[in-house]
1. If I filter segment B:168-208 down to residues being assigned to a loop (DSSP other than H, G, I, E, B) and within 14 Å of chain A (Cβ to nearest Cβ), which single residue comes out as farthest from B:Pro30 (Cα to Cα)?
2. Kindly provide the set of residues from segment B:67-90 that are touching a residue at least 60 places away in the same chain (Cβ under 8 Å) and away from every other protein chain (no Cβ under 14 Å), ordered by number.
3. As an exercise: evaluate C:Ile200 against (1) part of a loop (DSSP other than H, G, I, E, B); (2) more than 16 Å from ligand 2 (Cβ to nearest atom); (3) open to solvent by 20 Å² or more (accessible area, probe 1.4 Å); (4) within 14 Å of chain B (Cβ to nearest Cβ) and give the number of the one condition it does not meet.
4. Between residues in segment C:78-93 that are more than 21 Å from C:Gln46 (Cβ to Cβ) and more than 16 Å from ligand 3 (Cβ to nearest atom) and residues that are basic (Lys, Arg) and open to solvent by less than 10 Å² (accessible area, probe 1.4 Å), which pairs lie under 9 Å by C-beta distance while being six or more apart or on different chains?
5. Any idea how many residues of segment A:27-63 are hydrophobic (A, V, I, L, M, F, W, C), away from ligand 1 (no atom under 16 Å from the Cβ) and either open to solvent by 40 Å² or more (accessible area, probe 1.4 Å) or within 17 Å of the chain's Cα centre (by Cα) (or both)?
6. Give the residues of segment A:76-118 that are part of a loop (DSSP other than H, G, I, E, B), within 14 Å of another protein chain (Cβ to nearest Cβ) and of a type in the set (S, T, N, Q), sorted by residue number.
7. Given the criteria touching a helix residue (DSSP H, G or I) at 6+ places or on another chain (Cβ under 8 Å), part of a helix (DSSP H, G or I) and either exposed (fewer than 11 other Cβ atoms within 10 Å of the Cβ) or of a type in the set (Asp, Glu) (or both), does B:Glu388 qualify?
8. Identify the single condition in (1) assigned to a helix (DSSP H, G or I); (2) out of contact with any Gly (no Cβ under 7 Å at 6 or more places or on another chain) that B:Ala95 does not satisfy, given that it satisfies every other one.
Amino acid sequence: MFQVRIHGRGGQGVVTAAELLAVAAFNEGRHAQAFPSFGSERTGAPVVSYCRIAEQEIRTRAPVEAPDALVVQDATLLHQVDLFSGVGPDGYVLVNTSHTFEELGIADFVSKFRADRLLTVPATEIALRLLGRPLPNAVLLGGFAAMTGAVSIDAVVAAIGQRFSGAVAERNADGAREAARVVEQERSERAATD
Amino acid sequence: MLRQIEGSRAVAEAVGLCRPEVVCAYPISPQTHIIEAVGVLVKSGRLHPCKFVNVESEFAAMSVSIGASAMGARAYTATASQGLLFMTEAVYNAAGLGLPIVMTVANRAIGAPINIWNDHSDAMSVRDAGWVQLFAETNQDAVDLHIQAFRLAEELSLPVMVCMDGFVLTHAFERVELPDQEAVDAFLPPFEPRQVLDPDNPVSIGAMVGPEAFTEVRYLAHARQLQALARIPELAEEFEAGFGRAAGGLVTTYRTEGAETVVVALGSVLGTLKDAADSMWDAGVPVGVVGVTTFRPFPAAAVARAVSAARRVVVVEKAFSIGAHGILAGDVTLALSGLDIRVDAVVAGLGGRPISEASCRGLLEEAAAGSLPALSFLDLDTHLVARELERMVAQRRSGPVAENLLRDIGSVSGSGLAVARPGSQKGAR
Amino acid sequence: MTHDPVRFYQVGSFAAGNRLLDQGQRTEQSRRGRSNSLTSGHRACQGCGEALGARYALDAAMRATDGRLVAANATGCLEVFSTPYPETSWQIPWLHSLFGNAPAVATGMAAALEVKGRTDVRVVAQAGDGGTVDIGFGCLSGMFERNDDVLFICYDNEAYMNTGVQRSGATPPAARTATTEAVGPEPGNEFGQGKDLPRIAIAHGIPYVATATVAELHDLERKVERAMSIRGARYLHVLVPCPLGWASASSDTIRLARLACESGLFPLFEAENGEVVDVTKIRRQVPVEDYLKLQGRYRHLFGDPGRPDLVRQIQKVADRNIERFGLVATGAEQEVR
Ligand SMILES: Cc1ncc(C[n+]2csc(CCOP(=O)(O)OP(=O)(O)O)c2C)c(N)n1
Ligand code: SF4
Ligand SMILES: [Mg+2]
C-alpha cells in the first residue's frame, strides 16, 4: 500500500487533490481511498487530506500516520504545522514553491531526506499562468506522478478530465504535464550533481 | 457501474435509484453532501417525479416526511448529531405511527462542546425510538443498505435509519459499485402503504391511546421489530441473489473460527479492526471480528452464535452511556448471559478521535491477554484529565471544562497555533 | 443621545475617513479605548462581512452599556470562526449553546439579571440568518412577544454559510446555493419564497426594529446605540456580504453592501412600536444588475444566453421595496440633501 498525505490551506483544493489522485489510481484498475481530515475551516486555514493506493481492498479507516509521500501545497505551512510527522528517510516530499529549501530556511531540516525524493515545483506560478487562478492542486499531481511513479501522468490527466471540463480541464492537464517535466528535470539535475 | 466516488454522492445516487417521491432535509455537517447531491438530482430533473423541500429545521424535515409518508409517498431524509436530536420528538412519532420513512444518519458527536466529527452518540440517543437501525461498514455497504432499507421499511411499515460514519465514510472517496435502475426496480416494488390518507377511504391516524391499549400498541411495535429480525436476513439473501454481492443481514463475522478473543463493533471501524486482527493472527494470536449490521432490532441470538466459541469478547464502541457502561456492550452482555464469556467495553473514537492501527493492535493484545478492565477509554489522556481535576479542587470558579482543557493542550503543545483537525488532539502527544 | 446625521460628499465613494469628522461624530472603531469585543486572530475568511458587522455592532453596544454586556450566540460562522480551538476572540462574556435557541438563552440571561436586580448588565443575542429566520424563529418570536429585554442581532449573509452555503429562508430568489443549484429550468433559489424578518419583527409591535449594513458603519453603530437606549425586545437585521457564499471578491464586501441598498434590494429603515419611523433614502439608484453581476451566485443569470427574464423579476423585487418604503428621494427631499 502506498500512502500519501497532502497539506495545504482551505480553498487550495487539498481535498480535491486527494480525490483526483484516488480517481487516477482507480483509472489504473487499482484500489484507492481518499479522505479529508475535515475541519470546520475557513478559507486559508491549514487543511490535510489523505490518499491510499493499493492492489487489494483497503479496509483501514485510520488517518495516514506514516505517509510514503507528502505533498505540500502551501510552503507557508512549513513553519507552522508539523508537516513531516511520520515521514521516513525514504519518503517522498513534494513542495509547491518557487524557492529553494535554503531560501525557505529548512535546508538543514530536510537534509535527512533522499535528494531525489525531495523536490519542489512552482505549481502556483504554473497555475496562475495557465489558469489565471492560484490553484496548485491538480498541477502538483503531475509532479507527484513523475516523482513517485505511484500513478502514471496519463492517469492523472484522465482524472483531471473526469473532474473538470472544457478549458479548465485542459489547462489543468497542461499544468500537470508541465509540473511532471519540472520534476523530471530537477531529478536529473540532482542525479548529475550527486 | 463501478465508480470511484465520494460516499455521500454514492448514497445520494442510491437514494435516487430508490425513487423517493418527497425528499426533505435540513443541512448539517457531515450530512450536507448527501442532500446537496439529492437536491441536484431533483432540480436537474434526473429524479422525477420527486419534490425536494428545503425546510427551516430538522424538526420540520422529519415532520414533512411524516406528512408525505402518511399521504402514501416514499419519503427520505438525512441528518446527523444536533439535527437528529432536534427532530427527536418527530423521530419517535414517525415510529409510533409506523410510517416507513428512510433516513440516513451521518453519525457525528453531540455537543456541548460542539464537535462536528464522527462518533455514534447521535444514533444511540434514539435507539429506543422504534426505528430499525442499520450500520454501514463501507460506502458499498451504505449504498446497499439504503436499497434494502426502503424495501424493509415499506414491507413492515416501519421507519429505517441507515447509519454511516460521518466524514470517515461520507467524505471518503472510494470504489463503489452503483447498481442499475432495473436491478433496483426489480428489488424494490412501488410503495404500497399499509395506511394512507385517502378521501375515498378516510382513516384517522394518530389518535389518543389511553392506559387500556397503550401497552399493546407498544408491544406490537416490539413485535414488528422482531419480524424485522426475521425478515432482514431473508432480504439480504434476496439482495445477494439480485445484485451479486453480500450486504445487509444481522451480523458479519471475520476469522472468528478458532478465535478465543472476538471483538464486536459497529460501522467503519470494523475495517481497521480486521487489519489489526490479521496482524494478531500473523503473530499467532487468533482474534475474530464480529460486525453488528443491524443494531435495532438487536440480533441477540445471531451475536451469541457468532461469538459462542470465544472466551473473551471486547466491544469497541463510539458512544457510551455516561455514568453507566458501554451501550452495545450492554446489549452484547445480555445476549451472552448464561454463557461463560467475559465481555469488556472499550470506548473509542469519540468526537472524531482517530482510531489508529497501532491503538487497535494494542487493544487487541490487551484483550487477548485478558487484561482489559470492564470499561476503558482508548487513548484517553489521563494526565490532561488529572490536571483539570486538580484545577477543580484548587478553585471553586475553575471555569468551563472544555475551554480549560483546550487551553491546557494549547500550552502543553506550546505551538500556540491551532490546527483544528482530527488527530491534532492526540497528535500533540 | 442626540444624533447628527453625517453627510459625505466625497468623490464617488460616499465614504469619509474618520479624520475629517468632529471627535463626537467619529465611529467607535476610531476610539483608542474601544473594547475590541471581537478581537483579531479569529478565522473568518478575508473580507467577511459578518466579522466586520459583529465587531462594529458589539463595540457600539459595549460603549452604550459602559462595558456591561453579555452575549448569547447561535451556531454558525460567527461562532465557529471566533472560537477556534484552543482560542477565543471574544473579550466579552459570551455563551454558545445551540443553533436554534439563542433568543431563548438570551431570555434566560435577562431573566437571571432581573431576578438579581442587575439592571447594569445588558444582554445581546446574535445569530446568522439561518439561526434567526429558520431554526431559531420560534424562540425569537417568543422572545419578541414577551418583550424580553434582549437586543437580537441577525447577521444576514443570505444562506447557511457555516455548513457550506445552503439555502435559508433569507436566501434571495435566483441565488445559487448548494441546495438550490443553478441547474434545471429554474436555476438557483425559487421566486416567491423567503421571509422578510424585519417586517415580521415590526408586526410583533416590539419597541425597536432596524436594518443596517456593513457599508454604513456610522449608521450601524448609531442603530445599536439607539437600541441599547431602549428596554424590551429589540431587533437589528444587518446585511453582511459573504465572499465565500456569494462567490464575490473579498475586496467587494463593502461595495456589495452599498449596492444592495442603492438598488433597493435591501431597504434601510427603523421602526418603533410597530411603525416605521425612519427610512434611509437611496442616494443614487442603481439597476440590480450592478449588484448581481459582482456575485458568482448569480453567474447563471448573465452571459450567453443568460436569464434576462429573471433579472427583470429581481428588479421588480427592488422596485417593490422602493415603493413600499419610499426609498427614492422626491425632488424636494433631494434639494435638502
Ligand atoms: C439542530 C442543528 N441543525 C443543524 C445544524 C448545522 N448548522 C450549524 S450552523 C448552520 C448554518 C448557519 O447558518 P446561519 O445561521 O445563516 O449562519 P452563517 O454561518 O451563515 O453565518 C447549520 C445548518 C446544527 N448545528 N444544529
Ligand atoms: S463563509 Fe462567509 S460568513 Fe463565513 S467566515 Fe467566510 S465570509 Fe464570513
Ligand atoms: Mg447565514
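1. Only one residue fits best here, namely B:Leu178.
2. The answer is B:Ser69, B:Ala70, B:Met71, B:Gly72, B:Ala73, B:Arg74, B:Tyr76.
3. It is condition (1) that C:Ile200 fails.
4. Hits for this filter: zero, empty list.
5. 7
6. Scanning segment A:76-118 gives A:Gln80, A:Ser85.
7. Yes.
8. Going through (1) assigned to a helix (DSSP H, G or I); (2) out of contact with any Gly (no Cβ under 7 Å at 6 or more places or on another chain) one by one, B:Ala95 breaks only (2).
The values are calculated or read from the model by the stated rules, or taken from the named source; none is laboratory data. Note that the structure is a prediction, hence the values are computed from the model and not measured. Every residue, glycine as well, gets a Cβ built from its backbone with ideal geometry; the counts of neighbours run over all protein chains shown. Accessible surface areas use protein heavy atoms only, side chains included; no ligands, DNA or RNA. Shrake-Rupley method; radii C 1.70, N 1.55, O 1.52, S 1.80 Å.
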